[in-house]
Structures are given as structure tokens and as C-alpha cells.
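In what follows, a single structure is set out as C-alpha cells and then discussed.
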Amino acid sequence: MPESTEGTTGPTKKRGVPEGLWLKCPGCGTSVYKKEVEQRLNVCPKCEHHFYVSATDRIKQVIDEGTFEPMNEHLRPTDPLEFSDRKRYADRLVGEQKRTGLTDAALTGTGMIRARRVALAVTDSAFIMGSMGSVVGERLARLIEHATTQDLPLIIISASGGGARMHEGILSLMQMAKVSAALAKYDKAGGLFISVLTNPTMGGVAASFASLGDLVFAEPKALIGFAGPRTIKATIGIELPEGFQTSEFLLEHGYIDRIVTRKNLKTEIARAIDYCGK
């Protein structure tokens, strides 16, 4: 009689480490426990490397719980040029919105930082590299105008590796001038603008509003600049200085005012607001 196989489920699988529990830190190459990294605001416990943080999580880290009031969420990107590269821009937008849960690369609104009311914008490099299209520019400009009329400190946290969004052509490039003009009016009205640069802050974003803060903070080892270092090296044909386009290099050369770790950012912003009498 053959042996009964009732109740068997085949060979027992060897238990291993479940996927997604560990991360490899790009800063030190160490495998780190994902939950510990998340508890430290997405910062490596070994080398203090600052991992990517979504715009939604960034707001939770900086704004007092329950106080954020989003603005201009009804503004949605379109495809005025009917642009197409490897895929239609209209299809790319839908795909990015589904993948990230965002409608575009910037979130704006008002909230409290250590009980101080502020106007806040955050860009997210996960959405088409955080590039600035018409909606990103319009959301920023409207937030700045609101901060001007309400006499609010303005905080913009940049995480944009794409600069102006090529899919919208000149309409995208115009946003640099529009946002910068709104900031000029805000400055004339006596507003306090704190710009926070994170990894990456590049292209037209770095060349416009991100560099115009009354105070410019940056996270450690963030990539900040216009063209990428490989492009610059290939163009000028010489070796670039060590650490070129990092927060530390730019602090040494007077481009930024202070390097602030993620865990201290909320406190440093509140302290700056108080120091400037806002």
C-alpha cells in the first residue's frame, strides 16, 4: 500500500529573513534595520546618512501634529504641449500620480512649527524628480502671496533634482521668474523666507527660489547645484574639487548659512523665526 499523503503540503521551506526588514545605507554600505532608520526620521544610525523622505512625511516631521492645512490642492497638471518622449506626458502624469499618491511635485499649506504659524511648501523628488512645472510654480506663487498678505514666515523645503520640467517647455521655465517675482514682493513687505535644501536640489529650482532665502539651511551631504558634476566635468575638462556641490562645500564657500540635521530642523526653524522677530 502506498503511504498516505493526506495533510502534507510538500517540502518544508527554509525560513529566512523576511524581505524589507533591512536597508543598505548608500553612505556607509552597512545593512541597517529599516524600522530603526524610520524611527530616526530616515537617518542612518551608523553614519547619519539622510535617506529620501516623501513630502508627506516631511510635513509630519516639521509641522506640529494636526495643524497642517493644505492649499491649492485643486490645481492639477495638464499637457498643454501634447509632449511625448518615451511615453506621452499625459500618461506619465497619471502614472506618477498613481505611484506616489501626489497630484504634482509640490505640497503647500499653512501650519504651526513649535506653535508658530508658518506658510510651508515641500517639493518631492519622487514625482518626475521634483521638477517644476506650471502647477508647482503656481502653487508656490500662491503660497508666497498668501504669506505676504497674512504676514507669515515662509518655509520652502526643496527636494528637486529635475529643475524646470522639460515636458512643459517655456511654460515650465516661466515658473522660475514667477516664483522669484512673488518672493521679491514678499521680501519688500518684510517677510522672512527660510529655504531648506535637501538631496537633491538642482537645476532651475536651485537657480531660482531655493537660493533666495533670507536664511538658507541644508541637510548634510545634500547634492546642490545647477548642472550635475559629471556634466560640468565633461564640459570644462578638469577635475572638480573634492566634495564639489555638497552642502559642506557650499557652506565653506558661503553659499548656504547652516547645515542642519533632520532631527534638529524643526527646532532650528522655530529658533530662526523667533530671532528674526517673526
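The values are calculated or read from the model by the stated rules, or taken from the named source; none is laboratory data. A quick note: this is a predicted structure, and the numbers were derived from the prediction, not measured. Here the Cβ positions follow ideal geometry from the backbone for every residue, glycine too, while neighbour counts run over all protein chains shown. The area values use the complete protein model at the heavy-atom level, side chains included, leaving out ligands, DNA and RNA. Shrake-Rupley method; radii C 1.70, N 1.55, O 1.52, S 1.80 Å.
See the values below:
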| quantity | calculated |
| --- | --- |
| Per residue accessible area of the chain, 1.4 Å probe, in Å² | 55 Å² |
| Largest to smallest accessible area among Phe83, Phe127 [probe 1.4 Å] | Phe83, Phe127 |
| In order through the range 22-28: 3J(HN,Hα) via Karplus (6.51 cos²θ - 1.76 cosθ + 1.60), integer Hz, x for Gly, Pro | 10, 10, 9, 6, x, x, 10 |
| Point-charge dipole on Cβ atoms (K/R +1, D/E -1) for the chain, about Cα centre, debye to 20 | 300 debye |
| GNM flexibility winner over the chain from Lys266, Lys60, Lys35 (Cα, springs under 10 Å) | Lys35 |
| Listed residues Asp124, Asp64, Asp91, most fluctuating in the chain (Gaussian network, C-alpha, under 10 Å) | Asp91 |
| Fraction of accessible area attributable to carbon and sulfur, the range 64-202 (%, probe 1.4 Å) | 53 percent |
| With DNA, RNA and ligands ignored, accessible area of Met176 (1.4 Å probe; Å², nearest 10) | 40 Å² |
| Mean Kyte hydropathy of -0.5 or more with a Cα span along the axis of at least 18 Å, helices from DSSP in the chain | 134-150, 169-188 |
| Accessible-area order (highest first, 1.4 angstrom probe) of the listed residues Phe209, Phe249 | Phe249, Phe209 |
| Above-threshold pairs, the threshold being 22 Å between Cα atoms, out of Lys35/Lys60; Lys185/Lys221; Lys221/Lys278; Lys34/Lys263 | Lys185/Lys221; Lys221/Lys278 |
| Sequence of Leu215, Leu173 when ordered by accessible area, the most exposed leading, probe 1.4 angstrom | Leu173, Leu215 |
| Cβ crowding within 10 Å averaged over residues, with 252-262, 40-50, 98-108 ranked highest first | 98-108, 40-50, 252-262 |
| The chain: most fluctuating residue of Asp187, Asp214, Asp85 per GNM, C-alpha cutoff 10 Å | Asp85 |
